[in-house]
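Report on the structure given below.
Read the figures in this text as sums done on the coordinates, not as results from a lab. The model shown is predicted, which means the values in this text are computed figures rather than measured ones. Glycine gets a Cβ as well: all are built from the backbone with ideal geometry, and neighbour counts include every protein chain shown.
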């Protein structure tokens, strides 16, 4: 059966309230569309969590407020018909697909002026590289929670910092939503699945595997060290730069070593810490991360 398509936030909220009255658990998978196997793995995780009597909602919305100037908002792939087909194949009950006017309408006819801002976990990594990004993310996710009223929301570990910030928002603002973070889904050669991979030329795609290679090699260096504090972030960064010399199309933006809970940077890197990478290949910006060990 094809999913029910809802575009109105008010109608989505009414539908969700009725589902709650029926005591049917609701799982939300927020996406910007251009669905790939990684997204579908989140849908399957959502289904497993709520069971056959639950309802899985996939939101499909390219949110303008999380894109900065000169980013790829206009170019971001929009493939709704294909997304709907994939959701149908996974048994998704509802697709929530609003437009900008519906999501950011102001009651007085003016501009949308209320935003959700996280000021601790969003200072580094993606927050430094894309200053407006996380304000847009937290604002839209809060709105999606209010529209869809989920018991559970599923996010992917590829956007590790985003998931940590959403957890923080849910805790600090008392949202009654459980947050599940599912593992990163990868291509056979290790590249993390991303809708932006479609931007890559054939040559860029072949070199994009360098991101995962850097993460794996840095992790191995830490795990093989005799002294668990003997590998410094500076040594690992220099090794990463040496690896990337063989991949001239890859321009490193950052390589970060941090505590998995606080996201605070660490100078002595050990098992249990996290590594995140961001790099550009031509016009395409990719991110990835792993936990050491």
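One table, with the values for the structure above:
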| item | result |
| --- | --- |
| Qualifying strands (runs of 3 or more DSSP E) (wholly inside region 79-182; at least 1 residues being surrounded by fewer than 22 Cβ atoms within 10 Å (Cβ to Cβ), touching a strand residue (DSSP E or B) at 6+ places or on another chain (Cβ under 7 Å) and on the phi > 0 side of the Ramachandran plot) | none |
| Yes/no for residue 47 being crowded, with 18+ Cβ neighbours inside 10 Å, touching a strand residue (DSSP E or B) at 6+ places or on another chain (Cβ under 8 Å) and in a helix (DSSP H, G or I) | yes |
